[in-house]
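In what follows, a single structure is set out as structure tokens and then discussed.
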Amino acid sequence: MNAENYTMADWQTDIQAAKDAHIDAFALNMAVDSRIAQILPTAFEVAYDKKFSLFFSFDYAGNGPWKADDVAALLEQYTASPVYYLHKGQYLVSTFEGPNQAEDWIDLKQKYNVFFIPDWSSIGAKPALQLGGGVADGLFSWAAWPWGPQDMDTYTDASYYQYLNESGTKPYIMAVSPWFFTNLPGYDKNWLWRGDDLWYDRWVEVLYNQPEFVEIISCKFIKLDVKSSFI
């Protein structure tokens, strides 16, 4: 989370801006980090005051994989909150990567009434749906940017739709982002991807594909209802 220095006023500003934009929830992307215990209470307090929703996205790549017991402790504490986001009566949980820990979610789903939509983009849609005996209830794809100078397309999205539909119309979270760059020498990463027309083009693709969910990377989340106007 990039919220270590967030004050209550910061959360109030961001959540109010999200509500004004008709965003339904924040996906709280969390790497393994001791500071989470200090950050989450304020986030949930402000969300409660503003009648806004939050849900967890466990980051298995940032500081290494989450232990199942640590995930369980956070779910035990925070799914009790009335602002934790529900999908059809279940607590929505996502991830950033973590396919090697897929089997952890068999018990976690059962114990905590979780609707599990991970991002296991590193292995692709078909293998992701097979992990943990089909533990994923849907999939989230991180493919929100074009590679290099190319235009954004929906080839990756199409593969997710194909395999999700073959698995019984499991929901898809489609990713949207205005642009992307990274400069992380420790991870040997330094690049800039094209973003000139990306914000417009990607929303055109969203409107055409009509996914059940859209996540604006990194922290903003919209549930689409094709019968309602959200723009």
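The values are calculated or read from the model by the stated rules, or taken from the named source; none is laboratory data. On a predicted model such as this, the values are computed, not experimentally measured, just so you know. Every residue, glycine as well, gets a Cβ built from its backbone with ideal geometry; the counts of neighbours run over all protein chains shown. Ligands, DNA and RNA are stripped out before the accessible areas are found, and what is left, the full protein with its side chains, is counted by its heavy atoms. Shrake-Rupley method; radii C 1.70, N 1.55, O 1.52, S 1.80 Å.
Restricting segment 1-106 to trypsin sites (Lys or Arg not before Pro) that sit in a DSSP loop and have at most 10 other Cβ atoms within 10 Å of their own Cβ leaves 51, 88. Evaluated with a Cβ-only charge set (Lys, Arg +1; Asp, Glu -1), segment 86-231 carries a dipole of roughly 380 debye about its Cα centre, given to the nearest 20. Surface composition of the chain: carbon plus sulfur atoms contribute 51% of the solvent-accessible area (1.4 Å probe, protein chains only, all chains present).
Calculate the FRET efficiency for residue 113 and residue 208 from the Cβ-Cβ distance with a Förster distance of 30 Å, rounded to the nearest 0.05. Computed FRET efficiency for residue 113 and residue 208: 0.35. In the chain, helices alone account for a calculated mean residue ellipticity at 222 nm of -10000 deg cm²/dmol, with every DSSP H run of four or more residues adding -39,500 (n - 2.57). Estimated at 0.36 nm per residue, the fully extended path between residue 179 and residue 37 surpasses their Cα-Cα distance by 48.1 nm. Take the Cα of residue 201, step 7 Å toward its Cβ, do the same at residue 49, and the gap between the two points is 4.2 nm. Stretch residue 191-residue 6 to full length: gain in nm at 0.36 nm per residue minus the Cα-Cα span? So the chain would gain 63.8 nm between residue 191 and residue 6. Accessible surface calculations at 1.4 Å, restricted to protein heavy atoms, place the chain at 52 Å² per residue.
Segment 180-213 and segment 110-143 have their alpha-carbon centroids 21 Å apart.
Within the listed set 99, 171, 149, the residue fluctuating most in the Gaussian network model of the chain (springs between alpha-carbon atoms under 10 angstrom) is 149. Across the options 52, 121, 185, the greatest Cα extent toward the positive end of the charge dipole of the chain (unit charges at beta carbon of Lys, Arg, Asp, Glu) belongs to 52.
For segment 1-57, a crude dipole built from +1 on the beta carbon of Lys and Arg and -1 on the beta carbon of Asp and Glu, taken about the Cα centre, is about 100 debye to the nearest 20.
Grab the Cα-Cα distance for residue 126 and residue 147, subtract it from 0.36 nm times how many residues apart they are, and report the gain in nm with one decimal. Gain on extension, residue 126 to residue 147, equals 5.4 nm.
Structure shown: which of 109/170; 67/109; 126/170; 88/170; 50/111 lie over 22 Å apart, alpha-carbon to alpha-carbon? Cα-Cα > 22 Å for 50/111; rest within. Is segment 52-180 best put as rounded, prolate or oblate by its Cα gyration tensor, with a ≥ b ≥ c the root eigenvalues, rounded for a/c under 1.5, and otherwise prolate when a/b is larger than b/c, oblate when not? Note, shape of segment 52-180 comes out prolate.
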